[in-house]
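Values quoted throughout were computed directly from the atomic coordinates according to the rules given, and no laboratory measurement underlies them. Just so it is clear, the model here is predicted, and its values are computed rather than measured. Every residue, glycine among them, receives a Cβ derived from its backbone with ideal geometry; neighbour counts consider all protein chains shown.
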Amino acid sequence: MHDHDDDHAHGDEHAHGHDHDNHYSDMQARVKALETLLTEKGLIDPAAIDAIVDTYETKVGPRNGAHVVARAWSDADFADWLKRDATAAISSLGYTGRQGEHMRAVFNTAETHNLVVCTLCSCYPWSVLGLPPVWYKAPAYRSRAVIDPRGVLAEFGLMLPENQKIRVWDSTAELRYLVIPERPEGTEGMDEQSLADLVSRDAMIGTAVARKSESAT
Ligand code: FE
């Protein structure tokens, strides 16, 4: 089920091909050269750029997905819609655009945990999760998530019950996945914003689960 063929069509972010993992792509080299030049001329501060990238990787982007998850936990009709037509349901909250055109939401249950990977490169739902983390693009994650998902999750600190199946979804440029974690126990009275705070980026990729309370890590 994880073989690759023509249906793994790739968008323009993959124009660099797939065997340059340890080298800069043309685009990366161009960006690096530009950044170096602008830094030398004193026009930009690399630390500021890092801060901006970090913001999009860990804050702005994933908050969109967390909003989707919190709405699904709070509103059964929305959850149904999300199951049937994730692209439309997510768009209704205002999250659309590049790398989010065709979405599928996969719901964790007591029986099945979902894990998302792109074995070929780094397809990722930008509209709900922002920029992919570095490990998501790493060859080790991309190959091992399929071969040994339970072992990979253990390395992320996530020990699933032996009887919980792990289903691995291989993203493509055509279809991106959003994991809907299980709603933690003891969160019955919480509003949507507080629920969203329980949902990390990794929980929506499947390398974590939702936190039980806002203070816990
Ligand atoms: Fe990809």
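Between Val134 and Asp85, residue separation times 0.36 nm minus the direct Cα-Cα distance comes to 14.7 nm. Taking θ as phi - 60° and the Karplus parameters 6.51, -1.76 and 1.60, the scalar couplings of segment 135-146 work out to 5, 5, 8, 6, x, 4, 5, 4, 7, 6, 4, 8 Hz in sequence order, x denoting glycine and proline.
For segment 43-135, the mean projected area of the C-alpha convex hull, equal to one quarter of the hull surface, is 7.8 nm². Roughly what % of Cα-Cα distances in segment 132-217 sit above 16 Å, to the whole percent? Everything past 16 Å amounts to 58 percent.
Relative to the current alpha-carbon distance between Leu160 and Glu35, full extension at 0.36 nm per residue lengthens the span by 40.7 nm. For the chain, the normalised intensity computed at q = 0.07, 0.13, 0.17 Å⁻¹ comes to -0.23, -0.79, -1.26 (log10 of I(q)/I(0), Debye sum over alpha carbons, equal scatterers, no solvent).
Around the amide H of Val106, modelled in the peptide plane, lie the amide H atoms of Leu178, Val179, Ile180, all under 5 Å away and 5 or more residues distant in sequence or on another chain.
Apply 1/(1 + (r/R0)^6) to the Cβ-Cβ distance of Tyr24 and Thr55, taking R0 = 35 Å, and write down the FRET efficiency to the nearest 0.05. Efficiency computed from Cβ-Cβ geometry: 0.90.
With one equal scatterer per alpha carbon and no solvent term, the Debye-computed log10 I(q)/I(0) for segment 24-71 at 0.13, 0.24, 0.27, 0.32 1/Å reads -0.46, -0.87, -0.95, -1.04.
List the relative contact order of the chain as a percent without decimals, with contacts defined as Cα pairs under 8 Å and 6+ residues apart.
Values: 306 pairs, mean separation 53.5, N = 217.
25 percent.
For segment 173-217, taking the reciprocal of the average inverse distance between every pair of different Cα atoms yields a Kirkwood hydrodynamic radius of 11.2 Å.
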